[in-house]
1. Could you rank His62, His202, His57 by how accessible they are, 1.4 Å probe, largest area first?
2. Let me check something: with ligands and nucleic acids excluded, how do Trp153, Trp31, Trp26 order by accessible area (1.4 Å probe), largest to smallest?
3. Given Cα pairs under 8 Å that are at least 6 residues apart, what percent is the relative contact order of region 105-212?
4. Quick one: accessible area per residue over region 135-212, 1.4 Å probe, rounded to a whole number of Å²?
5. Calculate the spin-label point distance for Ile65 paired with Met112, positioning each point 7 Å from the Cα along the beta-carbon direction, and give it in nanometres.
6. If you line up the long axis of helix 93-105 against the longest principal axis of the chain, both from Cα atoms, how many degrees apart are they, to the nearest 10?
7. Please give the contour-minus-distance gain from Leu44 to Phe90: 0.36 nm per residue of separation, less the Cα-Cα distance, rounded to one decimal in nm.
8. Which shape class applies to region 1-121: rounded if a/c is under 1.5, otherwise prolate when a/b exceeds b/c and oblate if not, where a ≥ b ≥ c are the square roots of the Cα gyration tensor eigenvalues?
Amino acid sequence: NDLIWGLTMVPALIFLREIGQTSVFWVVFVWGATAGIAALIGPLQAKVLPNIAEGMHWIARHRDIGFKFLAEGAVSNAGGQLRGYGVGLFLGLAAVGYIQAVGTLIGPMTIMFQAMSLVLIPEAARVLSRAPARLGLFCVVVSAALAVVAVTWGAVLLVLLPHGLGQLAIGKIWKPSYPVVLPTMAGVLAAAVSTGGYAGLHALGAAQRSLK
């Protein structure tokens with residue numbers, strides 16, 4: 001489904017560039033419109049039509065944990081937003097741009113983490129139902145594997161950015177952005193290490209502990 005999104009978005013962005021409409025408004029509009037196209041195709045891929053009424057009933061049945069998980073996601077997203085505003089307030093918009101540039105460079109890791117979260121929680125739930133004693137091992141293996149990937153990607157960036165990758169990927173701002181790579185990768189590593197526990201707590205339905 002993301003591939004469909006990409007295959008519709010990239011030509012649309014190229015079209016905007018060709019006609020000279022590269023304002024933030026139109027870029028964001030295309031991003032959202034092509035996501036809508038992918039969303040409409042999603043039920044055809046899944047061969048399942050959404051049932052809004054049943055969805056509301058499902059939310060009501062799980063409200064004991066649903067609101068805690070909602071709060072967890074909201075706090076996580078709000079933290080990222082507040083960081084951006086704080087950096088902009090104290091250090092200026094250029095510093096925000098450097099952080100965003102590094103965020104683009106670690107984009108593959110971000111995409112992988114988001115994709116893994118969709119897979120890991122159901123898989124952790126299956127481990128819990130089949131062999132509860134192995135859930136802890138499953139979480140440790142997941143965290144360790146993602147940590148190795150994070151360290152590897154960080155090392156690749158640190159080595160290759162000064163050798164042409166920086167200029168190729170983000171242009172001339174790679175030099176002021178380069179010092180941000182190491183602390184950013186430390187944050188990515190922390191996220192990788194916590195992913196296993198995140199999946200395990202969600203599989204257990206331990207919403208209160210996960211929120212904390």
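The values are calculated or read from the model by the stated rules, or taken from the named source; none is laboratory data. Being a predicted model, the structure only gives us computed values, none of them experimental. Cβ atoms come from the backbone with ideal geometry, glycine included; neighbour counts cover every protein chain shown. Side chains included, ligands, DNA and RNA excluded: accessible areas come from the protein's heavy atoms. Shrake-Rupley method; radii C 1.70, N 1.55, O 1.52, S 1.80 Å.
1. His57, His62, His202
2. Result of the area sort, largest leading: Trp31, Trp26, Trp153.
3. Reported relative contact order: 40 percent.
4. Value for region 135-212: 54 Å² per residue.
5. 2.8 nm
6. Orientation of helix 93-105: about 60 degrees from the principal axis.
7. Value of the extension gain: 11.8 nm.
8. It is oblate, given that a/c is not under 1.5 and a/b is not larger than b/c.
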